[in-house]
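The values are calculated or read from the model by the stated rules, or taken from the named source; none is laboratory data. All of these numbers come straight from a predicted model, not from anything done at the bench. With ideal geometry, Cβ positions are generated from the backbone for all residues, glycine too; neighbour counts draw on all protein chains shown. Each accessible area value is taken on the protein alone, full model and side chains, heavy atoms only, with ligands, DNA and RNA left out. Shrake-Rupley method; radii C 1.70, N 1.55, O 1.52, S 1.80 Å.
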Amino acid sequence: MRTPLMAGNWKMNKTAGQAVHLVQDLAELIKGVKDVEVVVCPPFTALKSISTVIELDRLAIKLGAQDMYWEEKGAFTGEISPIMLKDLRVDYVIVGHSERRQYFGETDETVNKKVRSALDHELIPIVCVGETLEEREREETNIVVEKQIAGGLAGLDPFEVEKLVIAYEPIWAIGTGATATPEVANDVIRHIRAIIGSQFTPPVAKRIRILYGGSVTPENIDDLMDEPDIDGVLVGGASLDAEKFARIVRFGEHQA
Ligand code: PEP
């Protein structure tokens, strides 16, 4: 019922030329994969070239941005607007990644403005939530994600919420090699689904896609995708290697 979504966050890696090679290699390796949505999120500087390749070569890959500003235009030096992303045929946008929260002052309030604006411009937000190691050790994971979801999705209608994607990314698992066990990841994701059910409606909770992210590799993807509440993954490091990301994508097909 929920189409698996396998998304690659390339972070601040790859020039435009390198990015084109990566997406072409990936497309070749995942040829014939069905019933899985594959999204790549390159840096802003590579969006135009990748968008062109996707269109010309008719690749079965969708394009995502790693962030955006909520205003359409104006005096916001250095920012990128939803209109600019739509112009490049971007479909998805990551919002509230923990690195944006940690290094660039992203808050639940700014996440909420970005989510609102993305939906208004028919971009699908991938909203990231997750706890620090200290919060996990204090057993505050559920409280932390509840607060991030309440703040980040405030004011949305249920029909809007079911369109977006949530990525549960425990901060201690990002780029560290310390993946959450499939059971731990599924427990938190099940809890997130319950929060969506009570904050919005139970049918929305059933339909919304919730991803896991944090040191996903071809070696651990099988067990993660076996979990009933995990609808896909947001992959950092391993998505920079076409062969590894292709192997990860193929496990989405198993789940479909
Ligand atoms: C991420 O940054 O979204 C991420 C999950 O990174 P990694 O896969 O490298 O842990």
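Arg247 accessible area, nearest 10 Å², 1.4 Å probe?
About 100 Å², rounded to the nearest 10.
Using a 1.4 angstrom probe on heavy atoms only, work out the carbon and sulfur share of the accessible area of the chain in %.
Roughly 52 percent, rounded to a whole number.
If I stretch the segment between Lys206 and Arg2 completely, what's the gain in nm (0.36 nm per residue apart, minus their alpha carbon distance), one decimal?
72.6 nm
Go through Thr15, Thr201 and list them by solvent-accessible area, largest first, probe radius 1.4 Å.
Ranked list, largest accessible area first: Thr15, Thr201.
Give Lys14/Lys73; Lys31/Lys163; Lys73/Lys163; Lys62/Lys206; Lys34/Lys62; Lys86/Lys163 a once-over and call out the pairs whose C-alpha atoms are over 22 Å from each other.
Lys14/Lys73; Lys31/Lys163; Lys73/Lys163; Lys62/Lys206
How much accessible area per residue does the chain have, in Å², with a 1.4 Å probe?
46 Å²
Amide H neighbours of Ile80 under 5 Å, at least 5 residues apart or on other chains, H built in the peptide plane: list them.
Tyr69
Counting helices only, and only those DSSP H runs with n ≥ 4, report the 222 nm mean residue ellipticity of the chain as the sum of -39,500 (n - 2.57) divided by its residues, in deg cm²/dmol to the nearest 500.
Computed ellipticity for the chain at 222 nm equals -13500 deg cm²/dmol.
Expressed in nm to one decimal, what extension gain is obtained for the pair Val33 and Lys113 from 0.36 nm per residue of sequence separation less their Cα-Cα distance?
Full extension from Val33 to Lys113 adds 25.3 nm.
In nm, to one decimal, how far is the Thr15 label point from the Arg58 one, both placed 7 Å along Cα→Cβ?
3.2 nm
What spacing in nm lies between the two simple spin-label points modelled at Gln102 and Arg138, each 7 Å away from Cα in the Cβ direction?
The two pseudo-label positions are separated by 1.8 nm.
Could you give P(r) for region 133-218, binned at 10 Å from zero, as whole percent values over all Cα-Cα pairs?
17, 50, 27, 6
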